[in-house]
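Reading through the structure tokens given below for one structure.
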Amino acid sequence: MNRLSDHTQLPWENIYTVLLDMDGTLLDLHFDNYFWRDYMPARYAQSRGLDVPTAQRVLAPLFRRHESTLNWYCVDFWSRELQLDIDTLKREIKQFIAVKPGALAFLTRLRHAGKRTVLVTNAHPKSLALKLEHTRLDNYLDEIVSAHELGLPKEHTSFWHALRQRYEFEPAHTLLIDDNLSALRSARAYGIGYLLAVRRPSSRDPSISQGEFPAMEEFDAL
């Protein structure tokens, strides 16, 4: 059971490790939303001689089929499936990659407080490399883990078991901050002691009501 009743009352004295999601948590999800909703479908339409609404209708069932699997996050899979160079297309709009306000200051405070910080992301290594190049998040973190290294997405409870085998941590003294409710649910089932959702993954979208888990809007609130 999640021990948090309110995110402003995090018991930091009991938290030794902080696991942080990347897209939608440390980084603004606008980049990914824009890429998958607009930019890539437009380029796909151009390559197929379609209009954009038709391309989006063609792509929608394909996306749904692979949601919450590693394929969903895999640059190489989508490059093959769509016959587009997804990594190159992402680099064409890298100016939209942005760190969320307060995120770097929060990571700095965690380090000063002696907390271990681990980035746990479903992002493919190519997407991860692009975002680290652009943001230098790696300078603020102790470890970085892509789900592709472990062969399981965070939506699977077994992911956390594999993560613990590779990077030892105490679940009861660990906090996970993530905008992915399925990942939070699997972490809860595994036994992660403290769970925090994100109310506003994208700066361009309205806040999301997160009744299932305690939630944060801005890092300054922590």
Return, for the Cα atoms of region 108-218, the radius of gyration and Dmax in Å, separated by a comma.
14.1, 38
Most fluctuating residue of Pro206, Pro125, Pro41 in a GNM of the chain with Cα springs under 10 Å: which is it?
Pro206
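Place a +1 charge on the Cβ of each Lys and Arg in the chain and a -1 charge on the Cβ of each Asp and Glu, then give the dipole magnitude about the Cα centre in debye, rounded to the nearest 20.
Values: 27 positive and 29 negative charges, 51 e Å.
Once rounded to the nearest 20, the dipole reads 240 debye.
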Could you pull the Cα extents of region 51-103 along its three principal axes, largest to smallest, in whole Å?
37, 27, 21
Label points 7 Å out from Cα along the Cβ direction at Arg185 and Glu143: separation in nm?
2.7
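Order the peptides 61-71, 187-197 from the highest to the lowest mean number of other Cβ atoms within 10 Å of their residues.
The peptides rank, most packed first, as 187-197, 61-71.
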Cα Rg, Dmax, the chain, angstrom units:
17.6, 58
At R0 = 25 Å, how high is the FRET efficiency between Thr157 and Tyr16 if r is their beta carbon distance? Nearest 0.05 is fine.
0.70
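Work out, step by step, the length gained on full extension between Ala221 and Val58: first 0.36 nm times the residue separation, then minus their alpha carbon distance; give nm to one decimal.
Length gained between Ala221 and Val58: 54.5 nm.
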Taking Cα atoms, the helix 157-166 axis meets the longest principal axis of the chain at an angle in degrees (rounded to 10) of 70
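Can you sort Asp38, Asp178 by solvent-accessible area, 1.4 Å probe, largest first?
Highest to lowest solvent-accessible surface, that is Asp38, Asp178.
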Lysines with Cα under 20 Å of Lys94, excluding same-chain neighbours fewer than 8 positions away:
Lys126, Lys131
If r is the Cβ-Cβ distance from Ala113 to Arg91 and R0 is 45 Å, what FRET efficiency results, to the nearest 0.05?
0.80
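Within 10 Å of each candidate Cβ there may be at most 16 other Cβ atoms; applying that plus a DSSP loop requirement, which GluC sites (Glu not before Pro) in region 130-180 survive?
Here the sparse-neighbourhood loop sites are Glu168.
Per residue Cα convex hull volume for region 26-114, in cubic angstrom?
Spread over its residues, the Cα hull of region 26-114 gives 117 Å³ apiece.
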7 Å from Cα along Cα→Cβ at both Ala105 and Asn71: what's the point-to-point distance in nm?
4.4
Give me the one-decimal nm value for the distance between modelled label points at Ser47 and Arg136, 7 Å along each residue's Cα-to-Cβ direction.
3.4
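The values are calculated or read from the model by the stated rules, or taken from the named source; none is laboratory data. Keep in mind it's a predicted model, so treat the numbers as computed, not measured. Reconstructed Cβ throughout: ideal geometry from the backbone, glycine too, with neighbour counts over all protein chains shown. These area figures cover heavy atoms from the full protein model, side chains too; ligands, DNA and RNA do not enter into them. Shrake-Rupley method; radii C 1.70, N 1.55, O 1.52, S 1.80 Å.
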